[in-house]
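These notes are about the structure you will find just below.
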Amino acid sequence: MWLVLYVGLGLALALVLAIALILVTHVEDWSRDLTTNYAATSGDAADLRLRPIDAAANPAELAAVVVRCAAELPRWQLLERTDESREVRLHFVRTTGLVGYKDDIRVRIVLAGDASQLSAESQSRIGKGDLGQNPRNLRELLGKIRASLP
């Protein structure tokens, strides 16, 4: 009887410690990550990695780079692509590895003079907080795109 109780308490303690470890290692901004399930690029973002990308390419050329970069990322899938004369919109879904949660990432590329500007947003389909996953989604994709541009 006591053995079962001790084993149960040990498992409960291990679970609590595992959850605490996940929170400590994944949450970067405690004021945001527990209450927000959305992130977007912004011209004045404090994190420079979350600023829009300006590229010397037309929207279709830049979209090809984005699609190629996303295809190299694990568990990313292109769901939809919309091409217009001065704009390309891409919709990706990223699925988490352990539980299979899905985040929608939308990329918008617009013609701005001789160049294009890329903006993006990421939103979790469920939950009130994302533990920082949506900003990580954007940083992962935008970082790969920036590294691929001349």
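The values are calculated or read from the model by the stated rules, or taken from the named source; none is laboratory data. Given the structure is predicted, the values throughout are model-derived calculations rather than measurements. For neighbour counting, all protein chains shown are included, and Cβ atoms are generated from backbone atoms with ideal geometry for every residue, glycine included.
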- Might you check whether a residue that is within 22 Å of S116 (Cα to Cα), outside any strand (DSSP E or B) and hydrophobic (A, V, I, L, M, F, W, C) occurs anywhere in the stretch 70-86? yes
- Message: Please determine whether any residue of the stretch 97-107 is within 15 Å of K144 (Cα to Cα) and β-branched (V, I, T).
- Response: yes
- In the set Q117, Q133, which member is crowded, with 17+ Cβ neighbours inside 10 Å, touching a strand residue (DSSP E or B) at 6+ places or on another chain (Cβ under 7 Å) and modelled with pLDDT under 95? Q133
- Which condition breaks for A70 when tested against (1) loosely packed, with under 13 Cβ neighbours inside 10 Å; (2) under 12 Å from the mean Cα position of the chain (by Cα); (3) of a type in the set (A, V, I, L, M)? (1)
- Got a sec? Which of I145, I109, I105 is modelled with pLDDT of 95 or more, aliphatic (A, V, I, L, M) and assigned to a helix (DSSP H, G or I)? I145
- Item | Where a residue in the stretch 117-138 is among the polar types (S, T, N, Q) and its partner, wherever it lies, is crowded, with 23+ Cβ neighbours inside 10 Å and assigned to a loop (DSSP other than H, G, I, E, B), with Cβ under 8 Å and at least six apart | S124/D130
- Task: Give just the number: which of (1) aliphatic (A, V, I, L, M); (2) closer than 23 Å to P135 by Cβ; (3) surrounded by 15 or more Cβ atoms within 10 Å (Cβ to Cβ) does L111 not satisfy?
- Result: (2)
- Message: Every residue in the stretch 49-71 that is within 20 Å of N134 (Cβ to Cβ) and in contact (Cβ under 8 Å) with a residue 24 or more places away in the chain, please.
- Response: R49, L50, P52, I53, V66, C69, A70
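Yes or no: A18 crowded, with 17+ Cβ neighbours inside 10 Å and in a helix (DSSP H, G or I)?
Values: crowded, with 17+ Cβ neighbours inside 10 Å: no; in a helix (DSSP H, G or I): yes.
So A18 does not fit the description; no.
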- Failed item, numbered, when P59 is tested on (1) more than 15 Å from the chain's Cα centre (by Cα); (2) under 22 Å from P150 (Cβ atoms); (3) surrounded by fewer than 18 Cβ atoms within 10 Å (Cβ to Cβ): (3)
- Task: State whether one or more residues within the stretch 37-56 are modelled with pLDDT under 90 and assigned to a helix (DSSP H, G or I).
- Result: no
- Can you tell me which residue in the stretch 32-48 is surrounded by the most Cβ atoms within 10 Å (Cβ to Cβ), limited to those that are free of Cβ contacts under 8 Å to residues at least 12 places away in the same chain and of a type outside the set (D, E)? A45
- Message: Being at pLDDT below 95 and at positive phi is the requirement here; does L98 meet it?
- Response: no
